[in-house]
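The values are calculated or read from the model by the stated rules, or taken from the named source; none is laboratory data. Just so it is clear, the structure is predicted and the values come from calculations on it, not from any experiment. Positions of Cβ are backbone-derived with ideal geometry, glycine not excepted, and every protein chain shown enters the neighbour counts. Ligands, DNA and RNA are stripped out before the accessible areas are found, and what is left, the full protein with its side chains, is counted by its heavy atoms. Shrake-Rupley method; radii C 1.70, N 1.55, O 1.52, S 1.80 Å.
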Protein chains: 4
Amino acid sequence: MSFNENAHGVYAIAATPFHADGTLDHDSIGRMTDFYLRCGVTGLTILGIMGEAPKLDADESLAVVKGVVARAAGTPIIVGVSAPGFAAMRSLARSSMDLGAAGVMIAPPPHLRTDDQIVTYYRQAIEAIGDDVPFVIQDYPLLLGVIMTPKVLRQIVMDHPSCRMLKHEDWPGLEKISAMRGFEKDGSMRHISILCGNGGLFLDFEMERGADGAMTGYCFPDMLVDVVKWSRNDERDRAHDLFDAHLPLVRYEQQQGIGLAVRKYVLMKRGAIASDAQRKPGSALSAAARAEVDYLLTRVARTDPRAVL
Amino acid sequence: MSFNENAHGVYAIAATPFHADGTLDHDSIGRMTDFYLRCGVTGLTILGIMGEAPKLDADESLAVVKGVVARAAGTPIIVGVSAPGFAAMRSLARSSMDLGAAGVMIAPPPHLRTDDQIVTYYRQAIEAIGDDVPFVIQDYPLLLGVIMTPKVLRQIVMDHPSCRMLKHEDWPGLEKISAMRGFEKDGSMRHISILCGNGGLFLDFEMERGADGAMTGYCFPDMLVDVVKWSRNDERDRAHDLFDAHLPLVRYEQQQGIGLAVRKYVLMKRGAIASDAQRKPGSALSAAARAEVDYLLTRVARTDPRAVL
Amino acid sequence: MSFNENAHGVYAIAATPFHADGTLDHDSIGRMTDFYLRCGVTGLTILGIMGEAPKLDADESLAVVKGVVARAAGTPIIVGVSAPGFAAMRSLARSSMDLGAAGVMIAPPPHLRTDDQIVTYYRQAIEAIGDDVPFVIQDYPLLLGVIMTPKVLRQIVMDHPSCRMLKHEDWPGLEKISAMRGFEKDGSMRHISILCGNGGLFLDFEMERGADGAMTGYCFPDMLVDVVKWSRNDERDRAHDLFDAHLPLVRYEQQQGIGLAVRKYVLMKRGAIASDAQRKPGSALSAAARAEVDYLLTRVARTDPRAVL
Amino acid sequence: MSFNENAHGVYAIAATPFHADGTLDHDSIGRMTDFYLRCGVTGLTILGIMGEAPKLDADESLAVVKGVVARAAGTPIIVGVSAPGFAAMRSLARSSMDLGAAGVMIAPPPHLRTDDQIVTYYRQAIEAIGDDVPFVIQDYPLLLGVIMTPKVLRQIVMDHPSCRMLKHEDWPGLEKISAMRGFEKDGSMRHISILCGNGGLFLDFEMERGADGAMTGYCFPDMLVDVVKWSRNDERDRAHDLFDAHLPLVRYEQQQGIGLAVRKYVLMKRGAIASDAQRKPGSALSAAARAEVDYLLTRVARTDPRAVL
C-alpha cells in the first residue's frame, strides 16, 4: 500500500461525491472507488483542489480518507494535505497515514514568491508532518501563482528523502519535464516519479518527454491509462490517435471553474457517482453547456466505445 | 455580551500566546485578557490574521475562544472565522457563539475580483454561518488584494441585517470612511459601527472622518483608548499630541511580516504574555531590530509614562 | 476601409516579422500581409500583445502600421494601442487613423480591480483618443488579470458609441458570450461584433454561442476562416471535423510564452515570414519542441492538405 | 555631472509640473529645479513613477530631461527609464545620456517572479541600454510585486559594473540593508550606494543600518537633507527629533495613490511649482484632505520653521 519514486501509470484525482443537499454521499464514495479501480488506475489521489477539499471540515476529510482507503483494498491512496497552517496540515497527514494512506501531496501557498521562500516552506512543512511520510510536490502555477523553477524543485527533492513524486502541472510545462530528467542524467538529482496534471491536456507529449504517467481527474481515466501504457510501449501513433479523439472533451473539461462540473456530470453519466452536485460555492453547467458536453461525448464515441453513454 | 451597530471605543486584536516550543500558553491567555481589560478596551477580537489563527488546528482555536471568553467576563469577544471553505467557517462560528462569543469577523478570500463575486461571497458565508450570528466585515486590501468599493460594502450591509460593523483597514482609507458616512446621511445605508485597523497608523484622522474607534493590535491599546476618547470629546490637539508621540513606534510595528514580532516583544515587556514566541512559520526580531524598538520605547516614554518599561 | 458593429469573419492577429538581428523585416511585413489576405481574412489586427508591440519604439510602431495598411489595400486594419499612459495611447491612435487604420484595440491595464475602475478607465481612454475613433475592447483576464463582468462590458458599450467590437478571450468564456447576446435580446445593450481570441481553442462552440468570428493569430488562419464560415452556415459537423483535426496543434500553439515561437515557426514554414526570430526578450523552440510541432503538422495534414509543408 | 557608487545625501524624486489643462509647465520645471537645489539635494531623479513618467509621450519625456539638466548646472540627474519594452528603454536612456544625464534607473516589470527571471531581465536591459550607462536598481515590491532577495540584488550588482546604486524601497526593509552591507563586509559584493525611498517613512533607521541617504520625493527635501547629514555625523537624537516632527506628514504623504496629490499640494504652497495639477488619470485632494494637510503643516511648523507657509 505504499508508493515510491518508481511509481508510474495513472493516479486519478478523485472527485468528492455529495448529495444534492451538500452532505457527503458515502455510498458514492465506494462506488466511485470501484469505478476508478475498474478503469485500471495505479492509485488514487483524494482531497485535492478538484476534490473540493477546502469545503470539507476536519471530520469530513477523515471520513473520505477512511471510506476510500477501505474500499481501495491495497491500491495506494495519496491525500492532499495543503492547508493554510502547519497544525492542520500535520493533523490531517498523520491521521491519514494512520488510516492507511500511502502518502500525502503538498502544494505551495499562493503568497510565496522567491526561490528561498519556497524551499523554506517545504522544509517547514516536512518538519511539521514528519520525515517518515512520503510526499508529492504539487507544481500548479496557473492556479496558485507560485513559480517553482527546475532548480528549486531539485533542491526540495534533494533536501527531503521522503519526496517521492512530482505532480507536474506547470503550463507550458514540457521543457520543465526535460529539465528535471536532465538533472537525473547529469547526476545532480536522484530519480523521482513525475505524474502530470492539467486535466491531461498535454499528456501525449509529456509522456514522450519522460513523464511516468498522469495524476489528473479527467472523466475517462481509462483513456489516460491506455495512453500512458501505449506511450510507455512506444506505440506513438496509437497513443496519439486515442488521445486526439478525446482532446476536444479534455480541453472542454480543463476550463478553470466549470471544469469540475463537466467532470462530475460525465462521472454521473458513467455511473461512478449518484449526483453531480457540488458543495457551495460551486459551479453548475447551463443547459447549453450540458448539450455541448453531450455532443462532444457523441463525437468521442465514434472512436472510443466507452463514451457511448 | 453582545455588540451592536453602535459599538465604539477600542476592540483590541488579541495576540495568541505560545510557549517557546510552539504550544499554546494557556496561562498567558488569561493574563493577556486581563491586560487588555486593564487598558480600557471595549471588546476583544481573537483569531484574526495577527492572532496567528491559520496556524491553529480546530481544537486549539476553540480552546482559545473558551479561555478568552471565560476570562473576559462580559466584555464582548469577536472571533475571526475566515476560512478557505464554508464548512470550517460554519463550524468555528457556531461553536464560538455557543461558547459565548459576541460575533464573528469575515474577510474576503484573496481570489475575489469583481463586485458581484464579493457580494455573492458574503451571501454564501452568511447562509453558512446563519443569519443570527452578528458579523463584522474585514476590509483589508493591502494584505488580501480584494478591493471592496463603498458601494459594495453598502450592498453587503443592506443585504444582511446581521452585519453590525466594518473593520476598516483600507489604505489609503480616509475618503472611504467619509463615503460610508455619506451613505448614512443620504439615507441609502443604515448605520453601522466603523472601527479602524492598519495598526492604528491613521487613527488620528480616521476618528475625525467619522470612525467610531479602533480595532487593531498596537502594543499600547491604552494609547488607542485615550485617542479615541479624546477624539470623541473633540479634544483634537490633545489626541494628536499623544498619537504623534507614539507614531514612530506605531509605524515600526505596522510593518508587514515583522510587525507581529514587534508587538509580541512589547507585550512581553509589558507583562501581558510570558514569551514573544510565534508558532512557525513566524518572524523574529534581529538584535538590531530589538535595539531599535527599545530606543523607540525610550522616546515614547518622554511623553507617555506607560512606555517606561 | 472601416469596420463596424456588424463585422464578422476572421481578423488575424498579425505577427511582427523581425530579422535574426532583431531589426524589423519590412519585406516580410508585405509578404505576411499578402499571406493573410490569401487565407481569406476579413481584417487584420496589428501591434497586439502577440505582435510584440511593447518591444517596438514609437517610430517602429508607425512603420508597421504604414507597411500593413498600404499593402492591405482596403482590408480593415485594427491597431493595438494599449499603453501605460494616455499620451502614448492617443499619439499612436491618432497617427494610426491618419495612416488609414480602421480602428484601435484597447486592453485594460493589469492594476484595475473594481467594476468602477474599469468603466472609468475606458472613459478616460476614449477621452484621450477621441470619440471619433472606432475601438475594440480586449477582454483577456488570463494574461492581464482584469476581470470584466458582462455588466461592466455592457456599461462600456453603452457609454461609448464608438465601441464596435469585443475581442473576447475570457477563459472559460462560453457563458459570457451567451450573456452578452442575452443583453441584446432583452434590449439592454445595442449590438456589437464579438470576435474570439485565446488562440481559437474554443472557436467551435464560441460560434454556436453567438460569436461573429475569430480574432486570433493561429498559424492556419485559413482553418479559422473555414470554421467560421461553416458555423455561420449551420454546417455543424463539418466545422467541428476540421476544427478537431487542428485542435492538437491549436492547443500546442496556445501555450503562454512559447506559443508565439510555435506560431512564427509555422508561419515561416508556410512562407509567410522569412524568419521566426523574436525581438528580445523572446521565447525560442527547443529541438524537441520543433520536432513535436513537425509531428503535429504531419498529423493535421492527414485531414487538411494545407498542413503539408 | 556623473554619480558613482560612493554617492550619498539626497536625490529628490522630482515631480513633473503640469498646467491645469494637463500640458507640461516648462516654467515650473525650472523653478522646481531651483527649489530642489536650494534644499541642498545632491542630485535629482526624474521621470520616476511619482514623476508621472508613463503619462508622458516620448517627446515630452525628453523635454523634461532637457529642461532639468540645463537648469541643474552640474548636479547629477538620474532618469527613470523603466518601460514595457527594451526598444523604448534604450531610446530614452541613450537620448537622456546625450542630453547630459548622469545615469538611469530601472525597475523590474511586475510579471517577474523567480530569481532567474529577475537576473535575466537586468542582463537583457543592460544589453539594451549599453554597459556604459551608469544605472540604479529600483527595488519597490509594495508597488511592483516583484521580490528581489539580497542574493538576487548581489547577483545583479556583480554581473554589471555599471550598477552604481540601489534605490531601496522594500517594506519592511531594514534587514535588507543590513544584509547588503553584510555582503560587502564578507567580501562577496563590491560597494554600492544605497539610497532609500518609500517616502522616507523609515529613513531614521535606514541611515543607522548603513544607507547612504534618501531618494524620495517627500515635500520637504530639506528635512531629508538634515536627517541624512546628522545621521552621518552620529547626531542620533537630533536626527530623530526632526524626523519625528515631520513623521505625521511623511506618513500622510506616503499613502499610495493620493500621496502625489499631497506632495504637489505642498510643493505648490512652498512655491516650487505653479499648480498641483496632475495629468489624467490622477488623484486629487478632497477639501477634507486639504484641511488635514494644512493642519499637519501647522503642527510641523511648531518644530520646523520651514513648514510655516
Go ahead and run the numbers for FRET between C:Glu5 and C:Arg38, Cβ-Cβ distance against an R0 of 25 Å, rounding to 0.05. 0.40
What is the mean number of Cβ atoms from other protein chains located within 10 Å of the Cβ atom of each residue in peptide B:275-284, rounded to a whole number? 2
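Which percent of the accessible area of the protein assembly as shown is formed by carbon and sulfur heavy atoms (probe 1.4 angstrom)?
Working: 21650 of 41710 Å².
Percent of accessible area from carbon and sulfur atoms in the protein assembly as shown: 52.
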What is the sum of charges, Lys and Arg at +1 and Asp and Glu at -1, for the other residues whose Cβ falls under 13 Å from the Cβ of D:Lys264? +1
Over all Cα pairs of region C:158-217, how is the pair count split among 10 Å bins, expressed in % and running from 0 up to the last occupied bin? 25, 54, 21, 1
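Send over a whole-number figure in Å² for the accessible area per residue of the protein assembly as shown, probe 1.4 Å.
On the way: 41710 Å² over 1236 residues.
Ligands and nucleic acids excluded, the figure is 34 Å² per residue.
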Treating the protein assembly as shown as a set of equal point scatterers at the Cα positions, no solvent, please give the Debye-formula log₁₀ I(q)/I(0) at q = 0.04, 0.06 Å⁻¹. -0.23, -0.53
With the full set of protein chains present, the residues of region B:134-174 whose 1.4 Å probe accessible area falls by 20 Å² or more relative to the chain alone are B:Leu142, B:Ile147, B:Thr149, B:Lys151, B:Trp171, B:Pro172, B:Leu174
Using alpha carbon centers only, region D:32-58 is separated from region D:160-177 by a whole-angstrom value of 20
For the charge dipole of chain D, defined by +1 on Lys and Arg C-beta atoms and -1 on Asp and Glu C-beta atoms about the Cα centroid, which residue among D:Met50, D:Ala307, D:Met148 has the Cα displaced farthest towards the positive pole? D:Ala307
Among region A:75-104, those whose backbone N falls under 15 Å of a label point 7 Å along Cα→Cβ from B:His111 are A:82-84
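Dipole size in debye (nearest 20) for chain B around its Cα centre, Lys and Arg Cβ +1, Asp and Glu Cβ -1? Numbers along the way, then the final one.
Details: 33 positive and 38 negative charges, 56 e Å.
So the dipole magnitude of chain B works out to roughly 260 debye.
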Would you tell me the mean number of C-beta atoms belonging to other protein chains that fall within 10 Å of each C-beta in D:81-88, as a whole number? 6
Note on region A:9-233: alpha-carbon gyration tensor, axes a ≥ b ≥ c; rule is a/c under 1.5 for rounded, else prolate if a/b larger than b/c, else oblate; result oblate
Lysine pairs in region C:9-233 with alpha-carbon atoms under 16 Å apart, 8 or more places apart or on different chains: how many are there? 5
In the neighbourhood of A:Ala83 defined by beta carbon distances under 12 Å, the net charge of the other residues (Lys, Arg +1; Asp, Glu -1) is +1
Asserting the computed 222 nm helical MRE of chain A (DSSP H runs at least 4 long, -39500 (n - 2.57) per run, divided by residue count, to nearest 500) equals -14500 deg cm²/dmol
On the formula 1/(1 + (r/R0)^6), with r taken between the Cβ atoms of A:Arg290 and B:Asp304 and R0 of 56 Å, the FRET efficiency rounded to 0.05 is 0.25
Burial order of peptide ranges D:168-180, A:185-197 (average beta-carbon count within 10 Å, highest first): D:168-180, A:185-197
Per-copy distances of the B:Gln124 label point, shortest first, in nm (7 angstrom along Cα→Cβ): 2.8, 3.2, 3.8
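Rounded to the nearest 100 Å², what is the sum over both chains of accessible area buried where C meets D, with a probe of 1.4 Å?
Working: alone 12870 and 12870 Å², together 24610 Å².
By this definition, chains C and D bury close to 1100 Å².
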Roughly how many Å is it from the Cα centre of region A:72-100 to that of region A:251-304, as a whole number? 28
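Taking a ≥ b ≥ c as the square roots of the Cα gyration tensor eigenvalues, with a/c under 1.5 meaning rounded and otherwise prolate when a/b beats b/c, else oblate, which class fits region D:81-167? Can you show the working numbers first?
Working: a/c = 1.80, a/b = 1.49, b/c = 1.21.
Prolate, because a/c is 1.5 or more and a/b exceeds b/c.
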D:Gly74 label points, 7 Å along Cα→Cβ, one per copy: pairwise distances from this copy to the rest in nm, shortest first? 6.8, 7.6, 9.0
From the C-alpha gyration tensor of region B:126-266, square roots of 5λ in Å: 26, 19, 13
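Counting only C-alpha contacts under 8 Å and six or more residues apart, can you give the relative contact order of chain C as a whole percent? Mind showing how you got there, number by number?
Numbers: 538 pairs, mean separation 63.0, N = 309.
Result for chain C is 20 percent.
Kirkwood Rh over Cα pairs of region C:4-50 into Stokes-Einstein at 37 °C, 0.692 mPa s: D in µm²/s? Walk me through the numbers before you get to the answer.
Numbers: Rh = 11.7 Å.
Diffusion coefficient, whole number: 280 µm²/s.
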Taking the label point as lying 7 angstrom from Cα along the Cα-to-Cβ axis, what are the distances from C:Val308 to the corresponding position in the remaining copies, in ascending order and in nanometres? 3.5, 9.3, 9.8
With chain B rotated onto chain A, spot the residue of B whose Cβ lies nearest the axis and note the distance in whole Å. B:Ala58, 3
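With Cβ to Cβ distances under 13 Å as the rule, what net charge do the other residues near B:Glu169 carry (K, R +1; D, E -1)?
Result for the local shell: -1.
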